[in-house]
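Here the structure comes first, spelled out in structure tokens, and everything after it is commentary.
The values are calculated or read from the model by the stated rules, or taken from the named source; none is laboratory data. All of these numbers come straight from a predicted model, not from anything done at the bench. Positions of Cβ are generated from backbone atoms using ideal geometry, with glycine treated the same way; all protein chains shown enter the neighbour counts. Each accessible area value is taken on the protein alone, full model and side chains, heavy atoms only, with ligands, DNA and RNA left out. Shrake-Rupley method; radii C 1.70, N 1.55, O 1.52, S 1.80 Å.
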Amino acid sequence: MSSKSELPKKEKATQQKSNSEVNSKSKVLFLDALENFLQKYEWILFGCILVLGTYFGFQLFDLRISVLGDDSAYILRASEWIKKGVFPSFQGPLLPLILGKIIATKGIDLTSLKMVSFISMIGSIPLLFLAFRKKIPYTINFIILAIYSWNASMLYYASQTFSEALYLFVQALCLFLFLQLVISKKNVSPIKDSWRYLLYAASLVLLYMTRSVGLSLLIASVVYFILKLEWKQLGMLIIAFALMYAPFHFYKSQFKEDKGGTSQFEMLMQKDVYDASKGKEDVSGFVKRFTDNSVIYLGKNLPWMLGWSSPPEVQTQEPVQGNPLLTLLIFGSSIVCLYLGFRYKEDSILFLVLYGGAFLSIVFIVLQTSWDQDRLILTAIPLILLSILCALYLLSKY
């Protein structure tokens, strides 16, 4: 009797397991079908995204100078460079050096100056697509590309003289070179493949010249090679970067520098950037700064930048608090990507999450919590989206 009564239960469990397997297979088949569709029509879809992104960029183009001081500060440093030969070291010299060339020929022509950012922003779209192509799933690539190209918060900086748009362009170039040229070549020859590392190192120097936080990409590259135990590649990268950085350092040393009064390092070390009398920050202060900034930028600014919530200024007159749960979810997705990417040799995802983590860690430690400007994590949005989407992808795959 006992065995007969248990038989239906066993059959029911077997049926449930069978249904679960069918549902799992149907999900995999759907994702495979979607991947095949996107791959088949990738250039048509990419063209649509690029055309619409360019159109939206033109529609949002703003000829006015931003009320934020840094916007005009880049122009002023460019003018000082051309007229007085003062090298614009503070906040990254690359954008003022480019703007200076325009000022030397056209004067302070706002349309021409702003077109540097517009061309940089639009030019970064194909570079980012090519960087991720065949390195991450097409589904994730196109989701990131569409948000990246059509997002109003990002396109706003396509018509400002901040350095964000230029950083996005150089960042996309760096990612393209590393993913498509550097790690795609497994059997590396120090002689035959040195050009790959020199080219990538040159792009890293340009990224550092755009914003000093660009060193986070060099850090991520070093950590990646260490995790992969690729010591030859690590040595080639370090030597190539030293060779590419040396000419820039020598060139800069020929001029007097504008360091913006207080150096960036001194600003980092102060408890209050506007009041040096409060003293220097200690270890516990940096830890608190990191946690507070994490919630401010990931839990408050990121949602409205991506359109998940209304901008803070239209929500309420009271200060908007960040969402700690969202912050923890983003950190959690990054940890999942790092673990699964390393375990299952998803090298591109592993590297991209390493870079995103290095970038945000530096930013959250360096930034004063009182600054609270969404643009300071703008360039990390593709990396944040990638960590969330790739965590779901890897969990479903493995």
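Details
- Boolean, G299 is among the small types (G, A, S), at pLDDT 90 or above, surrounded by fewer than 21 Cβ atoms within 10 Å (Cβ to Cβ) and touching a Gly at 6+ places or on another chain (Cβ under 7 Å): yes
- Number of residues in the stretch 29-79 that are β-branched (V, I, T) and open to solvent by 80 Å² or more (accessible area, probe 1.4 Å) equals 3.
- Among residues of the stretch 278-290 that are under 20 Å from T327 (Cα atoms) and without any contact (Cβ under 8 Å) to a residue 60 or more places away in the chain, those with a Cβ under 9 angstrom from a residue that is open to solvent by less than 70 Å² (accessible area, probe 1.4 Å) and of a type outside the set (A, V, I, L, M), sequence gap 6+ or separate chain, pair up as K288/T369.
- G92 fulfils the conditions (1) surrounded by 19 or more Cβ atoms within 10 Å (Cβ to Cβ); (2) at negative phi except for a single criterion, (2).
- All conditions in (1) buried (at least 21 other Cβ atoms within 10 Å of the Cβ); (2) at pLDDT 95 or above hold for L199, with the sole exception of (1).
Residue-wise test of (1) outside any helix (DSSP H, G or I); (2) among the acidic types (D, E); (3) farther than 24 Å from W304 by Cα; (4) within 16 Å of the chain's Cα centre (by Cα).
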site: S117; (1), (2), (3), (4): no, no, no, no
site: P126; (1), (2), (3), (4): no, no, yes, yes
site: I147; (1), (2), (3), (4): no, no, no, yes
site: L155; (1), (2), (3), (4): no, no, no, yes
site: F169; (1), (2), (3), (4): no, no, no, yes
site: F176; (1), (2), (3), (4): no, no, yes, yes
site: Q180; (1), (2), (3), (4): no, no, yes, no
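- Pick from the stretch 103-115, criterion in contact (Cβ under 8 Å) with a residue 24 or more places away in the chain and part of a helix (DSSP H, G or I), ranking: surrounded by the fewest Cβ atoms within 10 Å (Cβ to Cβ): T111
- Within the stretch 223-234, the set of residues being assigned to a helix (DSSP H, G or I), surrounded by 16 or more Cβ atoms within 10 Å (Cβ to Cβ) and not hydroxyl-bearing (S, T, Y) comprises V223, F225, Q233, L234.
- Pick from the stretch 339-361, criterion farther than 27 Å from R375 by Cβ and hydrophobic (A, V, I, L, M, F, W, C), ranking: least open to solvent (accessible area, probe 1.4 Å): L350
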